[in-house]
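Novice: What follows is a structure written as structure tokens; I'll ask about it next.
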Amino acid sequence: MNRRFARLTGVDYIWRTCGVANCILKSNRTGHVYLVKWLRFLLAAILITWLAPSAHAAATDVSLLLSADTARPGDTITAGIHLKMKPGWHTYWRNPGGSGMATTIAWQLPTGITAGAVEWPVPEKLPAADLTTYVYENEVVLLVPLKIATNAPAGPLDLKAKVSWLECSTECVLGSGKVQGLVTIGSELKPSADAGTIAMWQAKLPLNQPGLAARAWWEKPAKDDLRPVVLEWPSVTNGHDADFLPYTSDKFEVQATNEFLTTNTNKIRLRKMVKKFEGDWPSQISGVLLQQTGDGLLAYEVTLPIAADANLSTVSATPASANNSAAQPPVKSLGLMLLYAFLGGLILNIFPCVLPVIALKILGFVNQGRDHPGQVRKLGLIYACGVLFSFLVLAALVIGIKLAGHQAGWGLQFGNPVFLVIMTVLVTLVALNLFGLFEVNLSGRVMGAAGDLSAREGNAGAFFNGVLATILATPCSAPFLGIALGFAFTQPAAIIILIFLTIGVGLSAPYVILSFNPALLKLLPKPGAWMEKFKIAMGFPMLATAFWLYDLTTVHYGDRVLWLAFFLVMVALCAWIYGEFIQRGRSRKGLAAIVIVVILTSGYFYALEDNLKWRTPIIETAATTSLSTDPDAIVWQPWSAKAVADATAAGHPVLVDFTAQWCTVCQINSRTSIKIASVRKKLKDIHAVALKGDYTRLPEDITVELGRFGRGAVPLVLVYPGNPAAAPEVLPDGFLTPTIVLDALDKAAKQTPANVASAN
């Protein structure tokens, strides 16, 4: 944001001098208000008169963009005032800063169309030696919602506006221009050719984040007309590239200088100086919170109440136009969260993700349960150690991500394409091992070694089963688990470790209990020939797991993923050669090893490196609406806080589904409780908007949103009434039923103003 400001000359100097004089006049006490206002008017009149001769030299072109060519009565379309400046020139934000003038729009609209407030994209902060301004360079599109009346007559409507601005480089020039556009009122909403440009600039607006965990408080008493205020909000990076851009006020000014304060939490704490002009000290402060992230600029539009001190400050941020009543998650006790963590880990045992590993563990109990109960107890504990070790690694990963200033989420490794490729190959090898192509846990007869070697191999296998069970469990979010994880991700490192270890205890508990209970071991069937057939049968669910992992990689590699399938065939061929000619063969083992090395090496470089390009996945493009040829299908739109705010402000109930392709529970909920005929009909009947938050790549804005509702994992399904003042209903974590979804939609419809719903 720091840039060199051009040297002030001529008219520009006078304009900035007027800005400084304006600040001086503001410092007068209340008894001089009328004099102050008169002098401001005089300064403005002198300035306009001075600048008028330069108007012909305007360096900015202005035009009108519309999001739709055709709209229906009752629709809201977006108008864009496109200001395109010549290189080196800039115009000003709604708060120009130390000097400058905000762009104004005077609409001339036909009856039946009403213009809303201007929506301003995030500006640049342009510091100079003496004063700071907030500007747009090169170009900007100022957005204005246009509401079409429900009784608007059919036919074309002419939209006109006069736009006035101040543009500056080494000099300043007042500019103005008239713009005009045409929208036709008809029976359908038809996007215009400029809809994409408007959508791009809408993405540059600050977010209206309901219930953002931000707060403000006075740091100390005032000294003359200056008083320090502290702003605090959640951080997504560990850097200090953050700022607060204030909105204007006649009674006070938030100065541009930033001072960063250190904290022991994952939050930004910023000190700003407030200068009072008249009246009492402000009770709230409005503006835009900014922070640079790895994905770009993150901006929130907020109105923060200012508390007397940090202890009295509440965690609340009221967006300028959003669902302000979205409550913060209730305070939770550590004991309850530990219980939820244990129950969540216990329930994970019955999820499809973990079932193949469970079958292998039971097979091991059957194999040694009757004759070697002591060995079974030992293997049960080693299995638990593998689980707990894996959860310790996951906890360390979460802590490291938080220390790096990012948001952590459950199943975060499944958003990493390299991890998915490695796991696909590994699980494929496990399936091939179960099919008998080769052996990992070799017996003493095959190796010609003593029985103790076999025991050591069994220990390693039990530990590996624990690790594998943990890895395959992480894309699943069992009931209670999401709440426990949401709590853990907001806690210090020690609590994170404790919660994760408790989940591991729940996941491993059934096997430890089984291995230490001789009576239960006696219920297991006797070892026999059926065990080999059972082992082969278990290869098929493991192969299905490998196919599921392979399908997840398509998100990152697109059509290139076929080369991963080619490499898996090469891996299977090498596994067969290894088992047939090295493990079970008696001659030419060296030649077989050379063939394996040649096939794997050439397959790796040709398939993975040259064609799949597995370390350079496809960059995700902007999310688009999910369309369907089925007229009764749910038309999903990408989730954003602004999309929720816009839909509820227009009187539409909103269904939000936070999901991921690797989340098994999400996919089951979608097929059984959301994408069904009764829910589709209900959404259509109540004129609801359906928004999908795709968490497949773990975007940070969705991670923050999950945390705001006390969740650390998907699925999360929300139902908002068509009323910006009403809070959303958070549907239960884990598995849903159609009744749960339909009841929430009915409740949302009842909280939506009836006249708005019927009008649409």
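Novice: ASN208 passes all but one of (1) more than 18 Å from the chain's Cα centre (by Cα); (2) more than 11 Å from LEU66 (Cα to Cα); (3) crowded, with 21+ Cβ neighbours inside 10 Å; which number fails?
Specialist: Of the numbered conditions (1) more than 18 Å from the chain's Cα centre (by Cα); (2) more than 11 Å from LEU66 (Cα to Cα); (3) crowded, with 21+ Cβ neighbours inside 10 Å, the odd one out for ASN208 is (1).
Novice: What residue, among those in the range 681-740 that are part of a loop (DSSP other than H, G, I, E, B) and among the charged types (D, E, K, R), is most open to solvent (accessible area, probe 1.4 Å)?
Specialist: ARG697
Novice: Continuing with the same structure: Which one of these is surrounded by fewer than 23 Cβ atoms within 10 Å (Cβ to Cβ), modelled with pLDDT of 85 or more and touching a helix residue (DSSP H, G or I) at 6+ places or on another chain (Cβ under 9 Å): LEU363, LEU355, LEU338?
Specialist: Sole residue among the options that is surrounded by fewer than 23 Cβ atoms within 10 Å (Cβ to Cβ), modelled with pLDDT of 85 or more and touching a helix residue (DSSP H, G or I) at 6+ places or on another chain (Cβ under 9 Å): LEU338.
Novice: Which one is farthest from GLU253 (Cα to Cα) among residues in the range 115-148 that are in contact with a Pro (Cβ under 9 Å, 6 or more places away or on another chain) and exposed (fewer than 15 other Cβ atoms within 10 Å of the Cβ)?
Specialist: Only one residue tops the list, namely ASN138.
Novice: Which pairs have Cβ atoms under 7 Å, sit 6 or more apart or on different chains, and link a residue in the range 62-90 that is more than 22 Å from SER164 (Cα to Cα) and open to solvent by 30 Å² or more (accessible area, probe 1.4 Å) to one that is part of a strand (DSSP E or B) and among the charged types (D, E, K, R)?
Specialist: Matching pairs, first to second residue: ASP69/LYS190; THR76/LYS147.
Novice: Looking at (1) touching a residue at least 40 places away in the same chain (Cβ under 8 Å); (2) closer than 24 Å to LEU261 by Cα, which one does PRO221 not meet, given that it meets all the others?
Specialist: Status for PRO221: all satisfied but (1).
Novice: Can you tell me which residue is nearest to the chain's Cα centre (by Cα) among those in the range 540-566 that are among the hydrophobic types (A, V, I, L, M, F, W, C) and open to solvent by less than 20 Å² (accessible area, probe 1.4 Å)?
Specialist: LEU552
Novice: Still on this structure, I have one more. Could you list, ordered by first residue, the pairs with Cβ atoms under 6 Å in which the first is in the range 648-669 and modelled with pLDDT of 90 or more and the second is among the basic types (Lys, Arg), at least 6 apart or interchain?
Specialist: ASP657/LYS692
Novice: Of all residues in the range 245-281, how many are within 17 Å of ALA307 (Cβ to Cβ), surrounded by 19 or more Cβ atoms within 10 Å (Cβ to Cβ) and without any contact (Cβ under 8 Å) to a residue 40 or more places away in the chain?
Specialist: 2
The values are calculated or read from the model by the stated rules, or taken from the named source; none is laboratory data. For clarity, every value in this text was computed on a predicted model and none was experimentally measured. Don't worry about glycine lacking a Cβ; one is built from the backbone with ideal geometry, like all the others, and counts go over all protein chains shown. Keep in mind that these areas ignore ligands, DNA and RNA; they rest on the heavy atoms of the full protein, side chains included. Shrake-Rupley method; radii C 1.70, N 1.55, O 1.52, S 1.80 Å.
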